[in-house]
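Structure, as structure tokens:
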Amino acid sequence: MTMAAGTAACLALPNFGSRAAQALHRLRCVTRTIEGDVRAATVKAVLKETGGSGLVLEPVQRFRVNISKDLHEETIMHWRGQVPPNAQDGVSNTNPMIAPGESRAFDYVPRLRTYWMHAHIPAQERPRR
């Protein structure tokens, strides 16, 4: 009876299966304009295919991301709070920059919690005036 109850409980759990665990997310590094109270500002952004920002993964999902770059200058992405393989860390002094028109793939098991990503280029981390 205990084994049957355990099997039933497992079947009731959400199935994040291989499809969710293997989903490839595509992000684009772009320049965009945001409207402020006083004036508009041109900023760098990382957008999903759907146009929104942010990336939410299921707890069992790998961090499988392809970043394409539509910026005119080089950039590199750092995954704050994550511990990817060194070749995917996104720190400019350890890895090559992503050139204009280039894309780069990332694939590793992420740490669970809320983290953020940002360019590791100081001029790309604040609005231009």
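Every number here is computed from the coordinates shown, using simple stated rules; none is lab data. Note that this is a predicted model, so its numbers are computed, not measured. Cβ atoms come from the backbone with ideal geometry, glycine included; neighbour counts cover every protein chain shown.
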Positive minus negative residues near residue 112 (Lys, Arg vs Asp, Glu; Cβ under 15 Å)
+3
Stretched fully, the stretch from residue 47 through residue 105 gains (0.36 nm per residue minus C-alpha distance, one decimal, in nm) 19.3 nm
With a point put 7 Å past each Cα toward its Cβ, work out how far residue 66 is from residue 26 in nm, to one decimal.
0.7 nm
